[in-house]
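Written out below as structure tokens is the structure these notes cover.
The values are calculated or read from the model by the stated rules, or taken from the named source; none is laboratory data. Quantities reported herein were computed from a predicted structural model and do not represent experimental measurements. Glycine gets a Cβ as well: all are built from the backbone with ideal geometry, and neighbour counts include every protein chain shown.
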Amino acid sequence: MKNPGNFDSDIHATDHRAKYEKSRADMSLFFIDGRDKESLAGNWTFMTDPYESALRADWYREKRIDASTGMKIPFDFDFDLWPRMKVPSCWNTERSDLFLYENMGLYFRTFTIERKDDERIFLFFEGVAYRAYVFLNGEYLAMHDGASTPFSIEITDCVRTDNRLIVAVDASRSDRRVPMSNTDWFNYGGIYRDVYIVRTPSTFIRDFFLRLVPDSGFGRIALDVCVDGTSRGEVLLSIPELGIERVVTVENGKGYAEIDAFPILWSPDEPKLYEVKLSCEGDEIFDRIGFREIKVEGRRILLNGKDIFLKGISCHEDDVDLGKSTTRESILATISNVKDGLCGNFIRLAHYPHTREFARLADEKGILLWEEIPVYWAIAFDDEGTYRDAENQLAELVTRDRNRASVIIWSVGNENPDTDARFGFMSALAAKAKALDDTRCVSAACLVNKEKEMIEDRLASRLDIIGINEYYGWYTPDITRLHVVLENSNPDRPVIITEFGADARAGNHGPREEMWTEEFQAELYRRQTAEIGSCVFIRGMTPWILYDFRAVRRLNRYQEGFNRKGLIDSDRKTRKLAFRVLADFYRNM
Ligand code: GCB
């Protein structure tokens, strides 16, 4: 547009977001465990900015003086003086006046850095919901989309001794995002996972993937390694307990090696992990890694060559007090509720990537995981930008967790309509997951074809395992139809019942025919497990859900803003009657 002479971009521009979209955070640094890092957790300052003035008027430049005249000019921000906000946290649970706030929030803090020569410095964010725009010392750095996966930004060239960091966080819902605007969970906003300053040498190991080679008779491991800062070089892999010391040649930043080795195989019964060290020039990283094989043969799921039934439960990250922020203790309690309480071996982490620490602790404790990206319900399957966002979230999740033995399934979505656009979109995601990691199974939670009363979904042909959500006895009241559906179906691959369930308010008792009571829910679990347990092609289940969770669309007198299908109340302690029913079923399998 030609400037009419009085055009003021601060107030007249309608594309104020566009100028930021060119620079996006990438996966320049992905491996951070065991690295030299400083946490930026603590008190930041914070202000809501629903009109997005910071983006419109480039507040990050913090202009208070006119450059040409040296005169003071008015400004609308006061980053240093704004109220405090804890990082990490969700603003919704931190401040009651922000409980339903879903727009832009501005975060600010200062930090100091003692620079060492030749060192590279990165900002690393574990999770910011949903979009983050990052600014440092008066410069715009990059943005990132996706509420649940990490990102990093190199700041080597713009970091100083004293630094001013601004992060504009946009938590608005939109039909072009992943997930779209309609979800059955609460839209928490903010910098709700850790933020770090990470230092690396000038040449460093960006990422690696170490695993058992599929179909190698459990006798070979493979390493892919990616190095930044040099195109040629060597990486040394050592796994002392296996007697491995191997030099891997790096060409064009990448190295690959296969090594004969017979590790003790990782399993829920024996979650054996090996200390692993990788070094390259001045860089050294450490990890603890388990080796195991997961595959599908016909309608069977094989863990380390043996048939396994996945005795699971679904779980959201939602916590009444912390929102989507979580703690090590709460993850450990969840694992114990499943492993010890339910006698289970599997958790479906729904419907988005949970915090990195979950899979780490699952590796340690021995529980299998399903990890998922929020391709949920009716997202914009015909939109290219939406696809790029979904694929990026998938790549970030897989890259983050593909060294975790506990993770056995990547899920590319949940309950999506079987349209052509969705078929193309999700087939491409399934192919991408395989390209990034050919050692795990790909799945998605699909729906029953209700007209034909059978399991039929075109996406199934692109999946290793078919996930099925069915609510017979609840949304489809006649539970006897489940039997008919299973009789009518003849899938050529294993099925996991990824959801069934019924809402029950903890402490609400009555006859088992009465909806919303614990008795009704327990009876539904009895009937569902009887049906599922006698079906040959069902090789696992993750009923909906372990804990009650916040859901804004749930507004009747029993729900009061919560989905009450949990086997445990939202206090994460009070077990309902159905908990026992599922535990008995799993124990006696
Ligand atoms: C579903 C969805 C899940 C919901 C659940 C319910 O099918 O996958 O996100 O929360 O049903 O309770 O309706």
TODO: Filter the stretch 188-230 down to residues that are over 30 Å from ALA168 (Cβ atoms) and of a type in the set (Ser, Thr, Tyr) and give me whichever is modelled with the lowest pLDDT.
DONE: THR230
- [ ] Quickly run through the stretch 470-522 and pick out the residues that are within 16 Å of the ligand (Cβ to nearest atom), over 22 Å from GLU456 (Cβ atoms) and outside any loop (DSSP other than H, G, I, E, B).
- [x] ALA504, TRP516, PHE520, GLN521
- [ ] State which residue is surrounded by the most Cβ atoms within 10 Å (Cβ to Cβ) when the search covers only the stretch 521-542 and only residues that are under 17 Å from ILE568 (Cβ atoms) and in contact with a helix residue (DSSP H, G or I) (Cβ under 9 Å, 6 or more places away or on another chain).
- [x] GLN521
Task: Residues (out of contact with any Leu (no Cβ under 6 Å at 6 or more places or on another chain), touching a residue at least 60 places away in the same chain (Cβ under 8 Å) and among the charged types (D, E, K, R)) located in the stretch 72-114 - done: GLU94, GLU102
Open item on the list: What's the number of the only condition in (1) touching a residue at least 40 places away in the same chain (Cβ under 8 Å); (2) touching a Gly at 6+ places or on another chain (Cβ under 8 Å); (3) more than 16 Å from the ligand (Cβ to nearest atom) that GLU531 fails to meet?
Closed with: (2)
Open item on the list: Looking only at the stretch 171-205, filter to residues that are surrounded by fewer than 23 Cβ atoms within 10 Å (Cβ to Cβ) and part of a strand (DSSP E or B); which one of those is farthest from the ligand (Cβ to nearest atom)?
Closed with: ARG199
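Does the stretch 65-85 contain any residue that is under 26 Å from the mean Cα position of the chain (by Cα) and surrounded by 13 or more Cβ atoms within 10 Å (Cβ to Cβ)? Walk me through how you get there before you give the answer.
Residues of the stretch 65-85 under 26 Å from the mean Cα position of the chain (by Cα): 85.
Restricting the remaining residues to those that are surrounded by 13 or more Cβ atoms within 10 Å (Cβ to Cβ) gives 85.
Looking through the stretch 65-85, at least one residue is under 26 Å from the mean Cα position of the chain (by Cα) and surrounded by 13 or more Cβ atoms within 10 Å (Cβ to Cβ).
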Task: Residue, farthest from the ligand (Cβ to nearest atom), within the stretch 440-454, restricted to residues that are closer than 16 Å to THR419 by Cβ and part of a strand (DSSP E or B) - done: ASN449
Open item on the list: I'd like to verify a number: residues in the stretch 135-157 that are acidic (Asp, Glu) and touching a helix residue (DSSP H, G or I) at 6+ places or on another chain (Cβ under 7 Å), how many?
Closed with: 1
Open item on the list: Any residue that is within 20 Å of LYS19 (Cα to Cα) and among the hydroxyl-bearing types (Ser, Thr, Tyr) - is there at least one of those in the stretch 134-143?
Closed with: yes
TODO: Select from the stretch 62-107 the residues that are among the acidic types (Asp, Glu) and out of contact with any Lys or Arg (no Cβ under 7 Å at 6 or more places or on another chain) and write down the one among them that is nearest to ARG173 (Cα to Cα).
DONE: ASP97
Open item on the list: Let me spell it out: the conditions are (1) more than 14 Å from the chain's Cα centre (by Cα); (2) outside any loop (DSSP other than H, G, I, E, B), and GLU391 meets all of them except one. Which number is the exception?
Closed with: (1)
Open item on the list: Can you find a residue that is at pLDDT 95 or above, surrounded by fewer than 19 Cβ atoms within 10 Å (Cβ to Cβ) and β-branched (Val, Ile, Thr) anywhere in the stretch 257-264?
Closed with: yes
TODO: Return yes or no: is LYS432 of a type in the set (Lys, Arg) and within 15 Å of the ligand (Cβ to nearest atom)?
DONE: no
Task: Unique match (being assigned to a helix (DSSP H, G or I), within 15 Å of the ligand (Cβ to nearest atom) and of a type outside the set (A, V, I, L, M)) among TYR586, TYR558, TYR525 - done: TYR525
Task: Residue check for ILE545: more than 16 Å from the ligand (Cβ to nearest atom), surrounded by 19 or more Cβ atoms within 10 Å (Cβ to Cβ), farther than 15 Å from SER330 by Cβ and modelled with pLDDT of 95 or more - done: no
TODO: Among the residues of the stretch 461-484, write down those that are out of contact with any helix residue (DSSP H, G or I) (no Cβ under 8 Å at 6 or more places or on another chain), closer than 24 Å to VAL412 by Cβ and surrounded by fewer than 21 Cβ atoms within 10 Å (Cβ to Cβ).
DONE: SER461, ASP464, ASN469, TYR471, TYR475
Task: Per-region count, the stretch 221-256, residues assigned to a strand (DSSP E or B) and either hydrophobic (A, V, I, L, M, F, W, C) or buried (at least 18 other Cβ atoms within 10 Å of the Cβ) (or both) - done: 16
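Hand me the list of strands (runs of 3 or more DSSP E) wholly inside the stretch 288-346 holding 2 or more residues that are crowded, with 23+ Cβ neighbours inside 10 Å.
Working: elements: 294-297, 300-303, 310-315.
It comes to 310-315.
For the structure I just gave you, tell me whether ASP194 is over 19 Å from ARG17 (Cβ atoms) and either basic (Lys, Arg) or free of Cβ contacts under 8 Å to residues at least 12 places away in the same chain (or both). I'd like the intermediate steps shown before the answer.
On the way: over 19 Å from ARG17 (Cβ atoms): yes; either basic (Lys, Arg) or free of Cβ contacts under 8 Å to residues at least 12 places away in the same chain (or both): no.
Answer is no for this residue.
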TODO: Go through the residues of the stretch 491-498 one by one and say whether even a single one is closer than 21 Å to ASN556 by Cα and surrounded by fewer than 23 Cβ atoms within 10 Å (Cβ to Cβ).
DONE: no
Open item on the list: Can you tell me how many residues within the stretch 361-389 are more than 16 Å from the ligand (Cβ to nearest atom) and either within 15 Å of SER443 (Cα to Cα) or of a type in the set (Asp, Glu) (or both)?
Closed with: 8
